[in-house]
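Inspection log for the structure reproduced underneath, given as structure tokens.
The values are calculated or read from the model by the stated rules, or taken from the named source; none is laboratory data. Keep in mind that this is a model prediction, so the values were computed, not measured. When we count neighbours, we look across all protein chains shown, and the Cβ atoms used for this are built from the backbone with ideal geometry, even at glycine.
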Amino acid sequence: MILISLGIVAIVLYNAFEEPVVDYVDSYFKKVTVKRNAANVPNEVQLSMDIELRLDNPSRPPIGATVKDIKTEAFSLDRTAADKVGKPILLGYANIDGILKIEPESVTNFNLTMITTSETAKDPDFVSRFTKDCNTGEKVTKMRVHIKEVTVDVFGSDVILTPGVESDFEMNCSSAMASSSETSVSNPGAPPNPSSGLPAAP
């Protein structure tokens, strides 16, 4: 009788389970700090960016899910390149803070935070691209978010999703530079560089 009951439970759970789906929604600049060298030329761009994702759990009750890990990359793209992509420059990785519980038959939006590392923030190609984008033309810069892998716990078993979702999008620099209140220079006495277009540090 016990074996029959367990078999029935297993069949119910099997029939109720459907693989969760993860997708990209939007991105927002949280903070931008532009640093300059002694000649007042930008040589570092520290970025903090929120990445909003959506997880759709189509499984029927009682199949809830717990998101344990999400591997997501953020890149800078060259919007002026012939293919509008150019050389993707890796800025950093975003992961989930703690765990996220998802109810059956539900759709949940949540945010990850990407912060440039000390190395990526000083990448000369990225610094040049970002400052050029934000001071010419439409004043927008182009980014890419790549969702590589998602680990979901379903009834004690890890389900590894590899959505491979890539989203390319443009972000307005105005909001980014407005948040650049901590812009600093290594030599406060240096005169502003008129060609930089970025606000001089106080």
*Only one of Asn111, Asn135 that is surrounded by 15 or more Cβ atoms within 10 Å (Cβ to Cβ), part of a loop (DSSP other than H, G, I, E, B) and touching a residue at least 12 places away in the same chain (Cβ under 8 Å)*: Asn135
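Looking at Gly98, Gly64, Gly7, can you tell me which residue is over 27 Å from Glu170 (Cα atoms), more than 22 Å from the chain's Cα centre (by Cα), surrounded by fewer than 16 Cβ atoms within 10 Å (Cβ to Cβ) and at pLDDT below 90?
After applying the criteria, what remains is Gly7.
Determine whether Asn43 is at pLDDT below 90 and either among the hydrophobic types (A, V, I, L, M, F, W, C) or farther than 18 Å from Lys30 by Cα (or both). Working first, answer last.
Numbers: at pLDDT below 90: no; either among the hydrophobic types (A, V, I, L, M, F, W, C) or farther than 18 Å from Lys30 by Cα (or both): yes.
In short, no.
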*Since His146 meets every condition but one in (1) surrounded by fewer than 21 Cβ atoms within 10 Å (Cβ to Cβ); (2) within 25 Å of Val41 (Cα to Cα), which condition does it not meet?*
(2)
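Go through the residues of the range 15-23 one by one and say whether even a single one is at pLDDT below 80, surrounded by 14 or more Cβ atoms within 10 Å (Cβ to Cβ) and closer than 27 Å to Val152 by Cα. It would help to see each step written out before you state the result.
Of the residues in the range 15-23, the ones at pLDDT below 80 are 15-17.
Narrowing further to those that are surrounded by 14 or more Cβ atoms within 10 Å (Cβ to Cβ): 16-17.
Keeping just the survivors that are closer than 27 Å to Val152 by Cα gives 16-17.
Among the residues of the range 15-23, at least one is at pLDDT below 80, surrounded by 14 or more Cβ atoms within 10 Å (Cβ to Cβ) and closer than 27 Å to Val152 by Cα, which makes the answer yes.
Residues to consider are Val159, Val127, Val140; find the one that is more than 16 Å from the chain's Cα centre (by Cα), modelled with pLDDT under 90 and surrounded by 13 or more Cβ atoms within 10 Å (Cβ to Cβ). If you could, list the steps in order and put the result at the bottom.
On the way: Val127 fails: modelled with pLDDT under 90; Val140 fails: modelled with pLDDT under 90.
None of the other options fit; the residue is Val159.
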